[in-house]
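Derivation of every value follows stated rules applied to the coordinates shown; laboratory data play no part. Quick caveat: nothing in here was measured; it's all calculated off a predicted structure. For neighbour counting, all protein chains shown are included, and Cβ atoms are generated from backbone atoms with ideal geometry for every residue, glycine included.
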Amino acid sequence: MYVLKRAVFYLSIFWAAITLNFLLPRMMPGNAATAVMARAQGQMSPQALKALEIAFGVSSNQPLWHQYLAYLWNTLRGHFGISFTYFPEPVSQVIASTLPWTLFLIGSATIISFVIGTGLGVLSAWRRGRKVADAIPVAFTLIASMPYFWVALALLYVLGFVLGWFPIAHSFSDEQSPGFNLQTIGSVLYHAALPIASLVVTSLGGWMLGMRNNLISVLSEDYITLAQMKGLPEREVVTNYATRNAMLPQITSFAMSLGFVVGGAVVTEIVFSYPGIGYALYQAVTNSDYPLMQAIFLIIVTAVLIANFLIDILYSRLDPRVSN
Amino acid sequence: MEYHADSDVSLASRPPKGSAKKKTKNVRLLALFGNAKAVIGLVVIAIFVLGAIFAPLIAHDNPNAEVYMLNQPPSSAHLLGTNGLGQDVFSQLVYGSRVSMEVAFSAGAIATTISLLVGVTSGYLRGFADNVLSWITNVFLVVPSLPLVIVLSSYMHYRSEWPIILVIALTSWAWGARSLRAQTLSLRERDYVLHARLSGQSWWQVVLGEILPNIASLVLSGLLFSMINALLTEASLAFLGLGNINSISWGSMLYWAQNNEALINGLWWWFIPPGVAIAVFGGALALLNFSLDEITNPRLRKRKVRVHEQ
Amino acid sequence: MNNEQEVLSIENVSVSYPTTEGWVQAVRDVSLCVNKGQLVGLAGESGSGKSTLVLAATRVLSPPTVRVEGKVEISGRKVLDISKKELRMMRWKTFSFVTQSAMNALNPVLRIRTQMHDAIRAHVPKYSRAEADARCAEVLRIVELSTSKLDSYPHQLSGGQRQRIVIALALLLEPELIIMDEPTTALDVVAQREIIALIRRLQRELGFAVLLITHDLSLLLEVADEVVVLYGGRVMESGPAYELLREARHPYSKALVQSFPPLHGPVVRQEGIPGTPPNMLHPPAGCPFADRCSVAIERCHLDMPRLVQTGQRSIACHVQANLSGTEVERT
């Protein structure tokens, strides 16, 4: 029941995102859709024009609702048209080749940062009152207020450029023949190290502060006191009672912060010329590649919605209170 | 979502209880001046604001003039050297603070106003209006804002900062609205609010007189959060060349530095200072927010009498 | 003093806690004892130091949070001197707790069964799962709950049911002593009476001793064997419940009795006690109750009356001492 409710909610947001994508070009000053179409007439191949039509859902003289339905139908079938930037590759092809890189980047960065940040949060809450433990959250508050891309630039400059320890662009070495062998994997990890590190550094603070605050709240709960009164070993109180319960809000914030992480990843990819979806979005925007741009936005939203939905299901397993 | 929203209240802010409500609130906000972190934050913010206002007195070079020797390292003539276009980096940094801070303050204020209107209305009216407003809030909460801003920016051609300010504000109000709604929902059922409602006060009297004073610290915290977000988003957009690249801001300085390959050429004085400026100003806002949380959330304050056996 | 019959003995215990303005003495020189199978009540308003006393005496509150002086023995063991490990082994097996708010005393995300099993596992590791399950089912039957509740989460139970679960939890390892801190505050009146009746019945049937902490003196007088009335961190009056029920002598006990409706008998007009408990940061020189006392004489404000024993009863009151004459000082 709970899962169904969440599914309906996310579907409704998905619909809202598609509608937004449809309406945006029309709501912009001067109606970007028709303006771009007019500019494109005669300059573009019929194929490109067709792509634009699909992207905007403009089919010359159809009524708006008709255009809207056609747009919905095309989008649901994954028909996004042809990309200008990567002409004549279809948009869906571009997304298929870039999305895995981004998922890899965000996935590993988020897991690393979640584990380290949460661990540090537990430490700093448990050792509260000591100088180091009290200084850590302040330090990370400051780091978290630095721009993602600038941390990326700084890492790139120091570790990649000055020290030459890491490559400064791309996802794997050109000399590598693409294939699934150890060397390629090594090269991929080597190239991903800096982008992942910059994402981890800037998002760590949020996890840490969250966990610290949750744990401090949980530690003052009566059930912790009772667990101690029961004479349970301290290790058991810490894991089964305190940490376990303090993790629950962390999972919620995990879902809520995905949007920020995605934003950070987009910029980081651009800094490192990392061939993910964020870099493709940047290419699309700078080349006025509207079909690609709109499709990428929709894919990002969809990915975030699916992730949120999965997290909701996980959460309802861990906290029996939500499903009621 | 309902359950999550409520569980947040205990962390975000715990309103004072019962009778002493308004007085303690004011005392608490004043307590900021007794908190070292808050004072440091306030002083840094004040320095930056003064620097922006009195920019011509601090930086004597025209930030736009491309008249100096290219790529000079810091010297007494150019405190932070010159860039690849022959401009004085220090002047750019000082004048650039104007745009960056204009965006941070305006977008922060607008986002906070929207979240206040939506959050309080939604929490106070409940029912159908709440369902609709909550749904909208959740949509904006889940849709990643930076990609949305990037898409929006691509349709616009900026001649001033205002489109950017509006776009940032429109995509960042949802967090605040969510916590304000949860807080209003719980305040609504407090005895003194019930009393005010039953004694025949109109809804706006109740909201202004009873609700607002008790969410003041939450609103302030939301404002600081939105300002940091606006500062960073503007910098990101400008860096990507999606802002108004003709005006000088910390973000656009980084854009030009990146475009002229300052990094590869080792011109650290071109891209380090704007980043540090963003980090320090953002850090000051964050520090203020951090101490605000310490002051209003009793559980985060110094360890009190609590069970700690074993 | 090492009487075989004593399960809990608290002797001359004082408790202080640190504040920014120095040490504050929350409990001063309190003695009380609980014999095997007895139900002893500890009464007082909130802020009287009754919870602090018991939590500090059982080392639930410990340094640096509090400073405890005096001597505490539970089943013949000096609780304040033993190692943490020994203390942990004693807990729940020798003495267990029923805490103030059963609403929050249970971990919301663990099943009742899990929360009972971990206590068994910590103290009787030799129990198999089946044996542990059998014991859990048994204590649930004892508190008159269906054993299916073992698989519930706390939020699926009513307030009264949760309170019963917490009591069942306390019975789990058959301790000699159960300390109950306001076990009924969160409940409605009907549920309160049921719980109190249940405690009394179990205590008689199973033979454990109870230290019952409550602000409801009139309720205590109906169920307890012995009663200790605490105010401002000091004992005001103590003695057998039937004695105090017949006549509470200390002005504070009197006021306390009058501020609650009796469980049985005719309804009488209720009077709250005017005024508030003293600020323990700046404790008064004389009797802590003097400012609120209707019969206080000048001496009450100047020096603290000693606790004097008259028959089975002890009272700390200048006015009452003048009336009764003989003065036996307790040390």
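Figures for the structure shown
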quantity: Listed residues C:SER83, C:SER218, C:SER152, most fluctuating in chain C (Gaussian network, C-alpha, under 10 Å); calculated: C:SER83
quantity: Where labels lie 7 Å past Cα in the beta-carbon direction, separation of C:LYS36 and C:GLN5 in nm; calculated: 1.1
quantity: Rounded Å value of the spacing that divides the Cα centres of the stretch A:209-242 and the stretch C:276-307; calculated: 40
quantity: The stretch B:144-239: trypsin sites (Lys or Arg not before Pro) in DSSP coil with no more than 14 other Cβ atoms inside 10 Å; calculated: B:ARG159
quantity: Distance (nanometres) between label positions extended 7 Å along Cα→Cβ at B:ALA77 and B:ILE58; calculated: 2.4
quantity: Sparse-neighbour loop sites [chymotrypsin sites (Phe, Trp or Tyr not before Pro); the stretch B:131-160; at most 10 other C-beta within 10 Å; DSSP]; calculated: none
quantity: Helix C:129-142 vs. chain C, principal-axis angle (Cα, 0 to 90°, nearest 10); calculated: 50
quantity: Estimated FRET transfer efficiency (B:ASN131, B:TRP204; beta-carbon r; R0 22 Å; 0.05); calculated: 0.50
quantity: Candidates C:GLY41, C:GLY233, C:GLY70: whichever shows maximal mean-square fluctuation once chain C is modelled as a Gaussian network with Cα springs under 10 Å; calculated: C:GLY70
quantity: Two-site label geometry, A:ASP134 and A:LEU69: point separation in nm, points 7 Å out along Cα→Cβ; calculated: 6.7
quantity: For residues of B:235-241, the mean tally of beta carbons on other chains within 10 Å; calculated: 5
quantity: Theoretical FRET efficiency, 1/(1+(r/R0)^6), r = Cβ-Cβ of C:ARG200 and C:LYS126, R0 30 Å, to 0.05; calculated: 0.35
quantity: Greater than 30 Å apart at Cα, pairs in C:LYS84/C:LYS126; A:LYS230/C:LYS149; B:LYS37/C:LYS84; C:LYS78/C:LYS149; calculated: B:LYS37/C:LYS84; C:LYS78/C:LYS149
quantity: Translational diffusion coefficient (Stokes-Einstein; Kirkwood radius from C-alpha pairs) of the protein assembly as shown at 25 °C, 0.890 mPa s, in µm²/s; calculated: 76
quantity: With Cα atoms, 0 to 90° folded angle of helix C:159-171 axis to chain C main axis; calculated: 80
quantity: Per-residue mean of C-beta atoms belonging to partner chains within 10 Å, peptide B:134-145; calculated: 6
quantity: Crossing angle, helix C:189-206 versus chain C [Cα axis fit, 0-90 degrees, rounded to tens]; calculated: 80
quantity: Cβ-based exposure ranking for A:TRP126, A:TRP150, in which fewest neighbours within 10 Å come first; calculated: A:TRP126, A:TRP150
quantity: C:ALA134-A:TYR2 FRET efficiency (beta carbon distance; Förster radius 30 Å; 0.05 resolution); calculated: 0.30
quantity: Longest DSSP-loop-exposure-free segment, trypsin sites (Lys or Arg not before Pro), chain C, at most 13 other Cβ within 10 Å; calculated: C:127-268
quantity: Whichever aspartates and glutamates have a C-alpha closer than 12 Å to that of C:LYS93, once near sequence neighbours (fewer than 8 apart) are set aside; calculated: C:GLU174, C:GLU176
quantity: Antiparallel bridge percentage (DSSP; both residues within chain C; nearest 5); calculated: 60
quantity: Top of C:GLN258, C:GLN163, C:GLN38 by mean-square fluctuation, Gaussian network on chain C, Cα under 10 Å; calculated: C:GLN258
quantity: Selection from C:LEU145, C:VAL124, C:ALA57, by position along the positive dipole direction of the stretch C:43-181 (Cβ); calculated: C:VAL124
quantity: Relative contact order (%) - chain C, alpha-carbon pairs under 8 angstrom, separation at least six; calculated: 19
quantity: Tensor-based shape of the stretch A:96-298 (alpha-carbon gyration tensor, a/c under 1.5 rounded, otherwise prolate or oblate); calculated: prolate
quantity: Dipole of the protein assembly as shown, positive direction: furthest Cα of B:LEU70, B:ILE165, A:MET211, with charges on the beta-carbon; calculated: A:MET211
